[in-house]
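Asker: Would you mind keeping the following structure in view while I ask a few things?
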């Protein structure tokens, strides 16, 4: 366990934290688990909670059911939090512990910090961010290890991309990167965020197509996706996670709203297929 930090120049404590939640909607979803580590200006490290013998994790009763799909990601189920304190109960002590601290995390500027501030506001506490420095490790990663075609061409092929953003040079470079990836990862495996093994990268085209899917989209934009039972569900808006067919049966007007809206034509095509019973 991390006990001492060197090479970091702090004027005040920096708290790195991570939140597990009921979902990803900041204004709707709730925190179910937190972990926090405070890096002090003298290099020492303080974990929360600070009591000896306690796990350095804080379970929170979200006062709402935890969707199964969320529990399968973070491993926190309704049973785990039924006797845990609500956020309102721990908020005063947490606010005191975070007083005068900067904040850090991974993708924290986009999610964890807004979610934490939202929870404080929900219980009537103005968790001010003014004057706090926000350190997002993911942003450092993306800035220093750029995910551009030029960066990939240098990383995989050790070549600089001449004529970047011209169609033919970009296409040729993409092919070279692809072939280099097949060779580099033909026997390689990594662990994903869930601790599950990913790889090797297959050379068979059908297996490769499956490997390249980030999620099982029903349309091209990912607004409609397939669930584990092969049913099409909404991946946006107020019906996120609900099966499209069931929503349209209950609320036929939602179909008309989508068909008249500025959604992509392919999304509307899939919506029509679901309505007609073809999917």
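Asker: Report the calculated FRET efficiency for residue 257 and residue 155 (r = Cβ-Cβ distance, R0 = 45 Å), to the nearest 0.05.
Answerer: On the way: r = 45 Å, r/R0 = 0.99.
Once rounded, the FRET efficiency stands at 0.50.
Asker: Then there is this: Between region 154-199 and region 60-76, how many Å separate their Cα centres?
Answerer: 36 Å
Asker: Can you pull the one-decimal nm distance between simple spin-label points at residue 216 and residue 162, each 7 Å off the Cα toward Cβ?
Answerer: Between residue 216 and residue 162, the label points sit 4.7 nm apart.
Asker: Follow-up question, since we're still on this one. So how far apart, in nm, are the two label points at residue 194 and residue 109 if each is 7 Å from Cα heading toward Cβ?
Answerer: Spacing of the two 7 Å Cα→Cβ label points: 2.9 nm.
Asker: On to the next question. By counting other Cβ atoms within 10 Å of each Cβ, how are 22, 86, 148 ranked from fewest to most? Could the numbers behind the result be given before it?
Answerer: Working: 22 20, 86 16, 148 10.
In increasing order of surrounding Cβ atoms, one gets 148, 86, 22.
Asker: Among 238, 11, 25, which one shows the biggest mean-square fluctuation in a GNM of the chain, springs joining Cα atoms closer than 10 Å?
Answerer: In this elastic network of the chain, the residue with the biggest mean-square fluctuation among 238, 11, 25 is 238.
Asker: Let me ask something additional. Roughly speaking, what is the stretch gain from residue 184 to residue 269, that is 0.36 nm per residue apart minus the C-alpha to C-alpha distance, in nm to one decimal? Don't skip to the end; give the middle numbers.
Answerer: Numbers: separation 85, 0.36 × 85 = 30.60 nm, distance 3.88 nm.
Additional length available on full extension: 26.7 nm.
Asker: Per DSSP H run of at least 4 residues, take -39500 (n - 2.57); add these up for the chain, divide by its residues and hand me the 222 nm value, nearest 500 deg cm²/dmol. Don't skip to the end; give the middle numbers.
Answerer: Values: 11 runs with 102 residues, N = 279.
Value at 222 nm, helices only, nearest 500: -10500 deg cm²/dmol.
Asker: Separate question: Can you put 161, 168 in order, fewest other beta carbons within 10 Å first? Mind dumping the intermediate values first?
Answerer: Working: 161 21, 168 8.
Exposure proxy ranking, most exposed first: 168, 161.
Asker: Right, next: Do you know the relative contact order of the chain, to the nearest whole percent, from alpha carbon pairs under 8 angstrom that are 6+ apart? Each step should come with its number before you reach the end.
Answerer: On the way: 358 pairs, mean separation 28.0, N = 279.
It rounds to 10 percent for the chain.
Asker: Using a basic spin-label model with each label point 7 Å from the Cα along Cα→Cβ, how many nm lie between residue 28 and residue 203?
Answerer: Going by the 7 Å Cα→Cβ label model, 4.6 nm.
Asker: Next question. Cut-off 10 angstrom, C-alpha nodes, Gaussian network model of the chain. Which of 160, 249, 112 fluctuates the most?
Answerer: It is 249.
Asker: Related question: Please identify, among 165, 74, 142, the residue showing maximal mean-square fluctuation in a Gaussian network model of the chain using a 10 angstrom Cα cutoff.
Answerer: Its mean-square fluctuation being the largest, the pick is 165.
Just so you know, all these numbers are worked out from the coordinates, no wet-lab data involved. In this text the structure is predicted, and so the values were computed from the model without any measurement. Neighbour counts run over all protein chains shown; Cβ positions are idealised from the backbone, glycine included.
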